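The structure appears right after this line, and notes come after that.
Quick note: the coordinates plus some simple rules give every number you see, no bench work behind them. The model shown is predicted, which means the values in this text are computed figures rather than measured ones. In this analysis, Cβ positions are derived from the backbone assuming ideal geometry, glycine residues included, and neighbour counts consider all displayed protein chains.
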Amino acid sequence: MYLLDTNVVSELRKIRQGKADPGVMRWAEGVVSNDLYLSVITIQELEIGILLAERRDQEKGKTRAMCRVSFETAEYTANADALDTLRILEAIRLLGLTKKARFYQAL
């Protein structure tokens with residue numbers, strides 16, 4: 001399981017254009033897509049970036065706007081909030097880190 005950071009998502013978006021970081025490209029080639037997850041925080045950061053892009057350049061913003069999720073799909077946001085937490089807790093349990101790991105969730 002990989003919980004993707006906003007910077008990694010941004011690099012993955014650049015792969016088709018051939019502009020992604022070579023290390024991220026090599027890593028992405030060896031990862032199964034079913035093992036990739038986004039946190040609600042990452043989704044929010046991406047959506048804020050999309051909104052800022054729309055303000056600066058409407059054409060660029062339109063192409064990124066199709067990635068927008070939580071503002072228009074409240075059910076997805078609710079599922080992500082609950083499921084991200086559940087998946088992280090399950091990963092901690094499966095990896096045997098229950099005595100070492102600390103997980104804090106801010107609401």
*When you count, for each residue, the other Cβ atoms within 10 Å and take the mean per peptide, how do 24-35, 8-19, 43-54 rank with the highest first?*
43-54, 8-19, 24-35
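By its C-alpha gyration tensor, with a ≥ b ≥ c as the square roots of the eigenvalues, how is region 2-69 shaped: rounded for a/c under 1.5, else prolate for a/b larger than b/c, else oblate? Walk me through the numbers before you get to the answer.
Values: a/c = 2.53, a/b = 1.50, b/c = 1.69.
Judged from the Cα gyration tensor, region 2-69 comes out oblate (a/c at least 1.5, b/c at or above a/b).
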*Modelled FRET efficiency - R0 30 Å, Glu59 with Ala28, Cβ distances, 0.05 increments*: 0.65
